[in-house]
1. Which residues, counting only those in the range 46-74, are touching a residue at least 40 places away in the same chain (Cβ under 8 Å), closer than 17 Å to residue 98 by Cα and of a type in the set (Ser, Thr, Tyr)?
2. If you check residue 19 against the conditions, is it under 30 Å from residue 138 (Cα atoms) and modelled with pLDDT under 95?
Amino acid sequence: MAIELDGTTGVVAPAFDGTLDSADLTGNIAAERITDALNVTGSAPMYACRAWVNFDGTGTVSIRASGNVSSITDNGTGQYTVNFTTAMEDADYVVTTSVQAGSGTDNANVLQISGNLSTTSLNLLSEYTKNGFAYDAALNCVAVFR
């Protein structure tokens, strides 16, 4: 950790160098460092994303990028299970999704939770909103907050 001198007060204060280590995470300085690193202002609490994934749901399902997601299970047309690497503490988390629109001008679509949430996974369904038909979308994005 770098040290810099504040010229106006003469107080020696640690400067944030873009990394956090155990020595940085002590006392009141920890909260300041974390909020500064995340570019957060205000007094509302912060809640971290516990899992996220960007995946291709066509053909052989494949993960492009992820955090705390071990795999995606293809359960049939437009049906997927997102499997967590580390289980959630309970099933009271929030899921937000986005999906690429299907082909054609009237094919708006939705990626939605299908069934109950569990601590180890969640099930999703991708379908066209106009006719309710399930389909495999090329771009699916999911984030889990708790």
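The values are calculated or read from the model by the stated rules, or taken from the named source; none is laboratory data. Small disclaimer: the values here were computed from a predicted structure and weren't measured. Virtual Cβ from ideal backbone geometry, glycine too; neighbours counted across all protein chains shown.
1. If the condition is that a residue be touching a residue at least 40 places away in the same chain (Cβ under 8 Å), closer than 17 Å to residue 98 by Cα and of a type in the set (Ser, Thr, Tyr), then 58 is the only one that fits.
2. Judged against the criteria, residue 19 is not a match.
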